[in-house]
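Here the structure is laid out as structure tokens; the discussion comes afterwards.
The values are calculated or read from the model by the stated rules, or taken from the named source; none is laboratory data. Source: prediction; values computed, not measured. Cβ placement follows ideal geometry from the backbone for every residue including glycine, while neighbour counts extend to all protein chains displayed. All accessible areas refer to the heavy atoms of the entire protein, side chains included, with ligands and DNA or RNA removed. Shrake-Rupley method; radii C 1.70, N 1.55, O 1.52, S 1.80 Å.
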Amino acid sequence: MSSADPQGLQAFPEALADRDAWLEPFDWYREMRDDSPVRYDASRGSWDVFRHADVKRVISDDEAFSVNPRTASDFEGLSGEGEGLILDTMLFQDPPRHDELRAVVDDAFSPRTVAEMEPRLRDLMRELLDDALAANDGEMDLVEEISYPFPVIVIAELLGVPAEDRAQFKEWSDSLVAAASDEEIAERQQQSQQEMAMYFLDQLQQRREEPRDDLLSTIATAELDDGSKLPQEEALGMCMLLLIAGNITTTNLITNAVRCFGNQGVLSELAGDDNAIGPAIEEALRYRAPVQAMTRIARSDVNLGDATIEEGDRVVAWLGSANRDERAFDDADEFVVDRAPTGHLGFGHGTHYCLGAPLARLEARVALSELLSLDGLALADADLSPTRSSFIYGVESLPIRYDGR
Ligand code: HEM
């Protein structure tokens, strides 16, 4: 496990090691669901679970499975600094600590609070699209121009990062998601993460002294159930988590949705029909889920299907496979634009159900509704490369064509 891989998800199963296989892993999932729905992969030292009912149980049965990587029998600590920073966040904590931490930011991400952000998000999206149209001529990379910068700008604004620091903030965010292809890059990443940490600590200190109406103030001044203040390290960890969990995932939701709509030939059908865009995005979340897998650790020996998973074993729950399970969805391998699926696991399920789901849905709906207003919008011909991650699913770039506005 590395610092960028607290879940031990870095290693691909052999069947997906080839980059093209990771563009379309869905046939392999089907084979696994039918032939080996719960299997142990000795080469990665973990279990894989593929069927909807089993995946749902693994990610939501808090009694049987833990999210805390430290409980894994093969846990050796994370490389680099900042192990506690990440592992002490809600994503890797079980109840009751989880619930206490999540309560700090729950209101800020509630559907009601998020709905009020729509006009501002629309302004931000229009600005971004105007800039992209001015810089390009009839063709652009959707990821670079729209789906990548948009969530970064939105979370910076929500946290309350001052406008003059936005460019620096985006650079730090870039480094959080960039693949560390060699030692020099890894070192630079560590350095920029440290700079970011120092920056957040300073911002949090300012908010403690003089709270404002922003998320940094909420986090800086949060009180826990016993009346104590959220420790500084954990406040910092929460800021980092919001960036790590919310940016590249939303980028890929926007990109994957355009890819699905383009392949299905429904881009013009959806244009101007804002009521249809929400359900269509939901189907994209099911069909090409930005998060394909999540890990849990067995808390004691657990029977699942025909297998017995031993205490301390790691279990990879394949959300992306659960979403294509015929046992849960009719014609699961068909993209049905108006299916409006319920019960998909694109945002997880249970205690750790995605905190940012209302925000991600709103961002995607605003982005899609503005993008679809372009005349003649279509996917451009291109060889697609999958995102460099074994659990985040999407493409590194998606060229699109358009005639104008
Ligand atoms: C948790 C997916 C956007 C913050 C999760 C989980 C999934 C997920 C699958 C469950 C993890 C688990 O069970 O172990 C997604 C997808 C997104 C998205 C597909 C975009 C399309 C966001 C955004 C934010 C966010 C925008 C915040 C700004 C979180 C947090 C958790 C989480 C804090 C941990 C919740 C907990 O442990 O209680 N997300 N997410 N996510 N997500 Fe998201």
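Convert 4 °C to kelvin, take the viscosity as 1.567 mPa s, use the Kirkwood radius over C-alpha pairs of the chain as Rh, and evaluate the Stokes-Einstein diffusion coefficient in µm²/s, rounded to a whole number.
So the translational diffusion coefficient is about 59 µm²/s.
Calculate, for D331 and E209, the FRET efficiency according to 1/(1 + (r/R0)^6) with r their C-beta to C-beta distance and R0 51 Å; round to the nearest 0.05.
My answer for the efficiency is 0.35.
Computing the accessible area with a 1.4 Å probe over protein heavy atoms, can you report the carbon and sulfur percentage for the chain? Walk me through the numbers on the way to the answer.
On the way: 7960 of 17780 Å².
Percent of accessible area from carbon and sulfur atoms in the chain: 45.
Roughly how many debye, to the nearest 20, is the charge dipole of the range 213-364 about its Cα centre, given +1 on each Lys and Arg Cβ, -1 on each Asp and Glu Cβ, and no other charges?
The calculation lands at about 320 debye.
What FRET efficiency would be calculated for the residue pair D74, S397, taking the C-beta separation as r and a Förster radius of 35 Å, to the nearest 0.05? Before the final figure, lay out the partial values.
Details: r = 36 Å, r/R0 = 1.02.
In this case the efficiency is close to 0.45.
Residues of the range 226-256 with the amide nitrogen closer than 11 Å to a label point 7 Å from the Cα of L201, along Cα-to-Cβ, please.
Backbone N within reach: 232-233, 236.
What ³J(HN,Hα) values, in whole Hz, does the Karplus curve 6.51 cos²θ - 1.76 cosθ + 1.60 give for the range 189-198 when θ = phi - 60°, with x put for Gly and Pro?
4, 4, 5, 6, 5, 5, 4, 5, 4, 4
Across the range 15-24, in residue order, what do the Karplus-derived ³J(HN,Hα) couplings come to in whole Hz, using 6.51 cos²θ - 1.76 cosθ + 1.60 with θ = phi - 60° and x for Gly and Pro?
5, 10, 5, 5, 4, 5, 4, 6, 6, 9
With a cut-off of 8 Å between alpha carbons and a minimum separation of six or more residues, what is the relative contact order of the chain in percent? Don't jump to the answer; show the numbers that get you there.
On the way: 632 pairs, mean separation 110.3, N = 405.
Computed value for the chain: 27 percent relative contact order.
Calculate, in whole percent, how much of the Cα-Cα pair population of the range 209-302 lies beyond 17 Å.
67 percent
Taking only DSSP H segments of four or more residues, each worth -39500 (n - 2.57), what value at 222 nm results for the chain once the sum is divided by all its residues, to the nearest 500 deg cm²/dmol?
After summing the helix terms and dividing by residue count, I get -14500 deg cm²/dmol.
Arrange the residues D141, D27, D48 by how much accessible surface each exposes, largest first, with a 1.4 angstrom probe. Write down the numbers at each step before the final one.
On the way: D141 35, D27 95, D48 0 Å².
Listed by decreasing accessible area, they come as D27, D141, D48.
Picking from T71, T308, T255, which is most flexible by a Gaussian network model of the chain using Cα springs under 10 Å?
Top of the fluctuation ranking is T308.
Enter the accessible area per residue of the range 14-401 (Å², integer; probe 1.4 Å; all protein chains in place).
Values: 16930 Å² over 388 residues.
Accessible area per residue, the range 14-401: 44 Å².
Just to be sure I follow the definition: excluding the sites themselves, where is the longest run in the chain that has none of the GluC sites (Glu not before Pro) in a DSSP loop with at most 16 other Cβ atoms within 10 Å?
The reported range is 117-309.
Kindly write out, for the range 160-174 in residue order, the coupling ³J(HN,Hα) from the Karplus curve 6.51 cos²θ - 1.76 cosθ + 1.60 (θ = phi - 60°), rounded to whole Hz, with x marking Gly and Pro.
x, 5, x, 3, 5, 9, 4, 5, 4, 4, 5, 4, 5, 4, 4
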